[in-house]
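The values are calculated or read from the model by the stated rules, or taken from the named source; none is laboratory data. Keep in mind that what you see is a predicted model, and the values were worked out from it rather than measured. With ideal geometry, Cβ positions are generated from the backbone for all residues, glycine too; neighbour counts draw on all protein chains shown.
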Amino acid sequence: MPDSQLTKARSLIKLGQPEQDTWSLSRVEDGMPTSRPVIVPLKLWFDHASEADVAPWLPSNTELTSELAEQLATAPLVAIDFPAFTDGRGYTLARLLRERYQYRGEIRAIGDVLVDQLFYMSRCGFDALALREDQHLDDALRALGAFSVSYQPAVDINEPLFARRLREA
């Protein structure tokens with residue numbers, strides 16, 4: 001596969017801070033790129049899972065079984081694709097990876113990632129966010145701090161607000 005088909009995130013936020021993207025993304029399912037490190041489709045990753053500079057991206061319709069989660073545990077990062085901002089299945093994949101399967105590596109949101117989604121993505125377990133090309137980094141960083149308190153438990157805070165208040169009273 002020609003490396004000219006690889007892309008890098010123009011704007012990447014990792015752990016709440018802007019970061020230069022060192023990983024290239026390939027959406028081509030046949031042919032491994034020579035450029036590394038690279039994120040490739042899940043089907044292609046299975047053949048290269050032992051390589052530390054190759055990571056998978058999961059389509060939003062991925063069925064996350066315990067067997068797949070066990071295989072993903074060795075991946076240096078797992079990218080989850082948002083084919084459209086209205087497709088919320090990626091939130092579930094990230095939360096399952098973090099909570100049910102205890103994945104501790106980087107979980108990166110790719111695809112149609114908008115500023116409005118970032119706060120909620122981080123609550124579900126994403127720690128790296130590759131913004132869509134037309135999204136502005138400054139707006140994204142502000143959006144991550146838009147809410148100072150969350151009522152519901154999530155990956156980032158596993159206790160609801162009422163329980164925190166009772167404990168702190």
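So here's what we get for this one:
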{"quantity": "Unique residue being touching a Leu at 6+ places or on another chain (Cβ under 6 Å), surrounded by 14 or more Cβ atoms within 10 Å (Cβ to Cβ) and either closer than 23 Å to LEU137 by Cα or not β-branched (Val, Ile, Thr) (or both) when the list is LEU44, LEU64, LEU114", "calculated": "LEU64"}
{"quantity": "Only one of ALA52, ALA69 that is part of a loop (DSSP other than H, G, I, E, B), of a type outside the set (Asp, Glu) and closer than 25 Å to ARG100 by Cα", "calculated": "ALA52"}
{"quantity": "Cβ-Cβ under 8 Å pairs, at least 6 apart or on other chains, the range 82-108 side touching a residue at least 12 places away in the same chain (Cβ under 8 Å) and buried (at least 22 other Cβ atoms within 10 Å of the Cβ), far side part of a helix (DSSP H, G or I) and charged (D, E, K, R)", "calculated": "ILE107/ARG98"}
{"quantity": "Hey, LEU25 more than 28 Å from LEU137 (Cβ to Cβ) and surrounded by 12 or more Cβ atoms within 10 Å (Cβ to Cβ) or not", "calculated": "no"}
{"quantity": "Hits in the range 5-16 (condition: assigned to a strand (DSSP E or B) and touching a residue at least 60 places away in the same chain (Cβ under 8 Å))", "calculated": "LEU12, ILE13, LYS14"}
{"quantity": "Of all residues making up the range 47-61, the number that are at pLDDT 95 or above and within 19 Å of TRP23 (Cβ to Cβ)", "calculated": "7"}
{"quantity": "Breaking point among (1) at pLDDT below 95; (2) over 14 Å from the mean Cα position of the chain (by Cα); (3) farther than 21 Å from GLN5 by Cβ, for PHE119", "calculated": "(2)"}
{"quantity": "Top-ranked residue of the range 125-164 - restricted to ones that are assigned to a helix (DSSP H, G or I) and modelled with pLDDT under 80, ranked as surrounded by the fewest Cβ atoms within 10 Å (Cβ to Cβ)", "calculated": "PHE162"}
